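K.L.:
If you scroll down you'll find the structure; I have some questions about it.
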Amino acid sequence: MANDDIVNGGIADDDRTSRPRTQGLPSDGDSAASRPRWRGLSRSGWGWSHAAQSEPASDNAPIPSGHPRSLRPLRRIAIILRSMWRHGEGRFALIVLACWLIVALVSLVWTPYPLLVTDGYHVWNGPSAQHWLGTDGTGADVLSWLMAGSRTNLLIVIAVVAVTAAFGLLLVAAMVSRRSALASVSVVAVDALISVPTVLIALILAVPLGASIMVVVLACGFGYGLNLARVARPQAMLAARSAYVESARANGAGGWRVLVGHIVPNIMPVLLVQLSLSAGTAVLAESGLTYLGIGVPSGVPSWGHSLATSVKFINVFPLTVLWPGLLVTVVVVALNIFGDVLRDAADPLTNPELRGDHGR
Amino acid sequence: MRFVIRRLLLFMAALFGISVCLFVALRILPGDVASVMAGLNSPPERVAALREQLGLNRPLVAQYCDWIAALCRGDFGTSILTGRSVGSLVAARASVTFPLIVMGLIVAMAVGIPLGCAAVLCRSRALRSAFHIMSIIGGSVPALWGGLLLILLFSRGSGLIGVFPSQGFAPDGWADSGRALASLVLPALAVGLIVAAGLMRYTRAALGDLASSGYVAMAMACGMTRTEAVLRVGLRLAVPQLVSVVGLTFAEMITGVMVIENLFALPGIGNGLVIDVGNRDLIAVQSELLMLAAFFLAVGFLVDVLHRLLDPRLQTSGDSAAQGG
């Protein structure tokens with residue numbers, strides 16, 4: 001199993017990377033295809049803990065080795081944000097996500113109306129000066145519920161990303177481990193389980209747990225973790241077989257150290273894209289599962305909840321249903337774009353600024 | 001053929017694993033299946049009788065073996081609520097869901113693949129970015145909302161252009177096939193269009209890679225135009241990958257299908273499953289979930305085999321290329 005990857009890595013690996021779940025496309029044609037990838041070489045600029053290795057000669061700024069942390073973390077983040085901002089799509093994504101964050105924080109202390117205040121005389125109202133986005137069937141303010149919902153959704157998305165990253169990396173670690181039994185069993189398990197849809201997992205979990213946020217988080221985290229592991233495996237494999245991992249091992253580094261110090265930085269671009277895609281899909285999954293009655297419990301504000309409650313009266317008052325759906329769509333678009341732009345901005349191979357203050 | 005046998009073994013193993021997970025998930029309920037099914041405040045004798053009837057007093061391993069043995073005989077259990085056998089229940093629901101999925105898939109392929117090709121072939125920058133934006137937005141619409149917009153646009157009664165029935169399935173089922181088909185058009189569009197965006201993005205990525213490859217350059221050197229070369233050579237080379245993606249799309253569509261069935265009030269598998277989970281009809285849920293999981297595992301298996309058949313490069317490099325999957 002080990003050698004197969006090197007021997008016919010080309011075809012077989014692409015075969016693997018190229019089987020995303022519908023939304024989880026590993027790369028975007030234009031940006032990824034036209035850019036040469038130096039797979040298997042160390043991505044020196046990620047620089048979390050390992051020293052820079054030889055950079056491909058075609059790059060005109062050779063990086064001297066031995067500068068593991070030439071840029072301070074804060075400065076690195078500032079550079080990444082700035083180059084994302086310069087990108088038109090990136091600016092859109094940053095603005096939307098920043099607004100989301102701010103609204104979620106504001107809703108902790110203030111919403112236009114308290115959630116449980118209902119106005120029985122103004123049911124199904126359109127947008128007006130008192131209720132900016134109108135009112136729903138009980139006369140509650142739609143804007144207030146959406147603002148409070150942004151908090152729940154933010155929580156869900158963060159939890160899903162954390163679970164996905166933890167579970168996915170655990171699987172990656174198992175897949176590239178040196179124990180061949182563990183490695184082949186995990187590869188086989190991922191291959192088989194990947195064809196089970198997330199919603200089935202959610203339904204299985206919903207039987208003992210009932211409608212709860214845990215169902216959404218665990219089901220999404222499990223499903224997307226599998227997907228992440230499958231997409232990241234070829235690159236992780238190349239990193240695991242590379243000379244610098246060998247030398248690290250020769251220096252006495254243990255398995256976890258190699259994983260965190262060498263393999264994770266190498267699969268970081270894939271990781272960023274997959275995680276932001278899973279964040280977007282989690283928002284969509286939340287609305288779907290909540291509508292089906294196995295997601296966020298009723299009474300807890302969330303975008304899926306707002307969408308689901310307004311659906312029942314679509315024939316009576318169609319306009320109320322517009323807002324939550326539009327909101328979800330815009331946020332998911334922003335999350336999907338965010339990953340792509342972040343990958344390009346945070347990768348020193350594509351963003352020369354990150355190579356920073358040495359070499360020039 | 002070694003590959004097929006290995007993949008088949010894997011399929012069985014995965015099915016076994018999922019059945020165990022399902023079984024355990026249903027047995028770690030607070031209380032037990034019988035008390036949940038009997039409902040709150042039911043007399044203890046009734047719970048005990050139900051427990052006896054379902055065989056819940058026996059050891060877990062024996063219960064599991066009974067269940068599996070019954071499944072192998074084709075006995076999927078009896079729904080406690082309706083008293084019908086789960087097998088016939090699922091068959092009736094599948095007659096709605098299966099056509100819906102197939103129609104959705106046709107919509108997705110008919111829209112996604114040509115648009116993906118067009119995105120590779122067109123040269124103007126503006127069009128390219130229009131395609132890009134289209135694919136991103138298309139994949140970001142919640143299925144529920146997409147379905148609602150379609151209802152608002154096209155349904156009879158409330159829609160702007162009243163063409164199709166807004167909700168429900170033809171009352172006579174497939175006996176009245178015209179009406180049955182008409183009631184599936186909007187749901188299939190809703191399911192298909194959302195998935196089409198993903199398919200389009202994928203087609204563009206795969207074909208874009210191939211368009212800059214040596215194969216297409218060679219074909220152009222032999223006198224084809226770029227369009228011809230991409231469509232005749234590139235598309236053929238992309239077919240195995242596209243088959244894989246369509247297979248996974250198939251599995252992923254079920255989430256949308258469940259929501260859409262619910263929204264359009266179609267008596268399909270997804271809708272039925274959600275109702276059964278809500279009603280705590282656990283015997284039915286257990287068998288239905290296993291059947292669905294088996295179905296998707298089977299699709300995954302077929303897709304993997306098909307992918308290998310369609311891509312001779314994977315065969316010439318020897319069986320070891322299968323990498324266990």
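The values are calculated or read from the model by the stated rules, or taken from the named source; none is laboratory data. The model shown is predicted, which means the values in this text are computed figures rather than measured ones. Methodologically, a virtual Cβ is constructed for each residue, glycine included, from the backbone with ideal geometry; neighbour enumeration extends over all protein chains shown.
K.L.:
Among the residues of the stretch A:131-177, count how many are assigned to a loop (DSSP other than H, G, I, E, B) and either modelled with pLDDT under 80 or β-branched (Val, Ile, Thr) (or both).
P.N.:
Qualifying residue count for the region: 10.
K.L.:
Next up: From the set of residues in the stretch B:249-262 that are facing chain A (nearest Cβ under 7 Å) and over 12 Å from the mean Cα position of the chain (by Cα), which is surrounded by the most Cβ atoms within 10 Å (Cβ to Cβ)?
P.N.:
Going through the qualifying residues, I end up with B:259.
K.L.:
Go through B:260, B:254 for me and flag whichever is at pLDDT 85 or above, part of a helix (DSSP H, G or I) and either among the hydrophobic types (A, V, I, L, M, F, W, C) or touching a helix residue (DSSP H, G or I) at 6+ places or on another chain (Cβ under 9 Å) (or both). Spell out how you get there, then give the answer.
P.N.:
Numbers: B:254 fails: at pLDDT 85 or above.
Exactly one of B:260, B:254 is at pLDDT 85 or above, part of a helix (DSSP H, G or I) and either among the hydrophobic types (A, V, I, L, M, F, W, C) or touching a helix residue (DSSP H, G or I) at 6+ places or on another chain (Cβ under 9 Å) (or both), namely B:260.
K.L.:
Another question about this same structure. Hey, any hits in the stretch A:266-275 for a residue that's in contact (Cβ under 8 Å) with a residue 60 or more places away in the chain, more than 9 Å from chain B (Cβ to nearest Cβ) and over 19 Å from the mean Cα position of the chain (by Cα)?
P.N.:
Checking the stretch A:266-275: not a single residue is in contact (Cβ under 8 Å) with a residue 60 or more places away in the chain, more than 9 Å from chain B (Cβ to nearest Cβ) and over 19 Å from the mean Cα position of the chain (by Cα).
K.L.:
Here's another thing I want to ask about it. Taking residue A:353, is it at pLDDT below 85, assigned to a helix (DSSP H, G or I) and either under 18 Å from the mean Cα position of the chain (by Cα) or acidic (Asp, Glu) (or both)?
P.N.:
On the way: at pLDDT below 85: yes; assigned to a helix (DSSP H, G or I): yes; either under 18 Å from the mean Cα position of the chain (by Cα) or acidic (Asp, Glu) (or both): yes.
Yes, satisfied.
K.L.:
Test residue B:245 against the stated conditions and say whether it is without any contact (Cβ under 8 Å) to a residue 40 or more places away in the chain and of a type in the set (Val, Ile, Thr).
P.N.:
Against the criterion (without any contact (Cβ under 8 Å) to a residue 40 or more places away in the chain and of a type in the set (Val, Ile, Thr)), residue B:245 does not qualify.
K.L.:
Could you tell me which numbered condition residue B:169 fails, if it satisfies all but one of (1) surrounded by fewer than 22 Cβ atoms within 10 Å (Cβ to Cβ); (2) not in a helix (DSSP H, G or I); (3) not basic (Lys, Arg)?
P.N.:
Here residue B:169 meets the rest and fails (1).
K.L.:
I would also like to ask the following. Keeping to the stretch B:263-283, report how many residues are part of a helix (DSSP H, G or I), of a type outside the set (S, T, N, Q) and touching a Lys or Arg at 6+ places or on another chain (Cβ under 9 Å).
P.N.:
4
K.L.:
Still on this structure, please answer the following. Can you tell me how many residues within the stretch A:81-117 are free of Cβ contacts under 8 Å to residues at least 40 places away in the same chain and polar (S, T, N, Q)?
P.N.:
Qualifying residue count for the region: 1.
K.L.:
Let me ask something additional. Surrounded by 24 or more Cβ atoms within 10 Å (Cβ to Cβ), over 30 Å from residue B:20 (Cα atoms) and not small (Gly, Ala, Ser): does that describe residue A:269?
P.N.:
Considered against the rule, which asks whether it is surrounded by 24 or more Cβ atoms within 10 Å (Cβ to Cβ), over 30 Å from residue B:20 (Cα atoms) and not small (Gly, Ala, Ser), residue A:269 comes out as yes.
K.L.:
Could you list, ordered by first residue, the pairs with Cβ atoms under 6 Å in which the first is in the stretch A:170-187 and in contact (Cβ under 8 Å) with a residue 12 or more places away in the chain and the second is surrounded by 15 or more Cβ atoms within 10 Å (Cβ to Cβ) and outside any helix (DSSP H, G or I), at least 6 apart or interchain?
P.N.:
A:183/A:177; A:184/B:324; A:187/B:324
K.L.:
Checking the structure you have, find out if any residue of the stretch B:217-233 is among the acidic types (Asp, Glu) and either over 25 Å from residue B:305 (Cβ atoms) or not in a helix (DSSP H, G or I) (or both).
P.N.:
The answer is yes, given that some residue of the stretch B:217-233 is among the acidic types (Asp, Glu) and either over 25 Å from residue B:305 (Cβ atoms) or not in a helix (DSSP H, G or I) (or both).
K.L.:
When you check residue B:79 against the structure, is it hydroxyl-bearing (Ser, Thr, Tyr) and either modelled with pLDDT under 80 or surrounded by 15 or more Cβ atoms within 10 Å (Cβ to Cβ) (or both), yes or no?
P.N.:
Answer is yes for this residue.
K.L.:
Next question. Closer than 29 Å to residue A:331 by Cβ and either among the polar types (S, T, N, Q) or more than 10 Å from chain A (Cβ to nearest Cβ) (or both) - does that describe any residue in the stretch B:89-103?
P.N.:
The answer is yes; a qualifying residue exists.
K.L.:
Which of the residues spanning the stretch B:268-281 are surrounded by fewer than 21 Cβ atoms within 10 Å (Cβ to Cβ) and under 28 Å from residue B:186 (Cβ atoms)?
P.N.:
Once the filter is applied, which keeps residues that are surrounded by fewer than 21 Cβ atoms within 10 Å (Cβ to Cβ) and under 28 Å from residue B:186 (Cβ atoms), the stretch B:268-281 yields B:275, B:278, B:279.
K.L.:
Follow-up. Residue under question is residue B:153, and the condition is that it be within 14 Å of chain A (Cβ to nearest Cβ), of a type outside the set (Ser, Thr, Tyr) and within 26 Å of residue B:255 (Cβ to Cβ); does it hold?
P.N.:
Values: within 14 Å of chain A (Cβ to nearest Cβ): yes; of a type outside the set (Ser, Thr, Tyr): yes; within 26 Å of residue B:255 (Cβ to Cβ): yes.
Answer is yes for this residue.
K.L.:
Kindly list the number of the only condition in (1) within 14 Å of chain B (Cβ to nearest Cβ); (2) under 24 Å from residue A:260 (Cβ atoms) that fails for residue A:177.
P.N.:
(1)
K.L.:
May I ask you to say which residue of B:238, B:284, B:265, B:293 is more than 25 Å from residue A:193 (Cβ to Cβ) and buried (at least 23 other Cβ atoms within 10 Å of the Cβ)?
P.N.:
B:238
K.L.:
Just for the stretch B:1-26: of the residues that are within 23 Å of residue A:207 (Cβ to Cβ) and more than 9 Å from chain A (Cβ to nearest Cβ), which one is farthest from the chain's Cα centre (by Cα)? Outline the logic, then answer.
P.N.:
Taking the stretch B:1-26 as the starting set, the residues that turn out to be within 23 Å of residue A:207 (Cβ to Cβ) are B:14-26.
Imposing the further condition that a residue be more than 9 Å from chain A (Cβ to nearest Cβ) reduces the set to B:16, B:19-20, B:23-24.
Details: B:16: 20, B:19: 19, B:20: 22, B:23: 22, B:24: 24 Å.
Per the criteria, the residue is B:24.
K.L.:
Has the stretch A:230-242 got any residue that is surrounded by fewer than 20 Cβ atoms within 10 Å (Cβ to Cβ), assigned to a helix (DSSP H, G or I) and out of contact with any Cys (no Cβ under 8 Å at 6 or more places or on another chain)?
P.N.:
No: the stretch A:230-242 contains no residue that is surrounded by fewer than 20 Cβ atoms within 10 Å (Cβ to Cβ), assigned to a helix (DSSP H, G or I) and out of contact with any Cys (no Cβ under 8 Å at 6 or more places or on another chain).
K.L.:
For the stretch B:272-285, which positions are within 9 Å of another protein chain (Cβ to nearest Cβ) and in contact (Cβ under 8 Å) with a residue 60 or more places away in the chain?
P.N.:
Across the stretch B:272-285, the qualifying residues are B:280, B:282, B:285.
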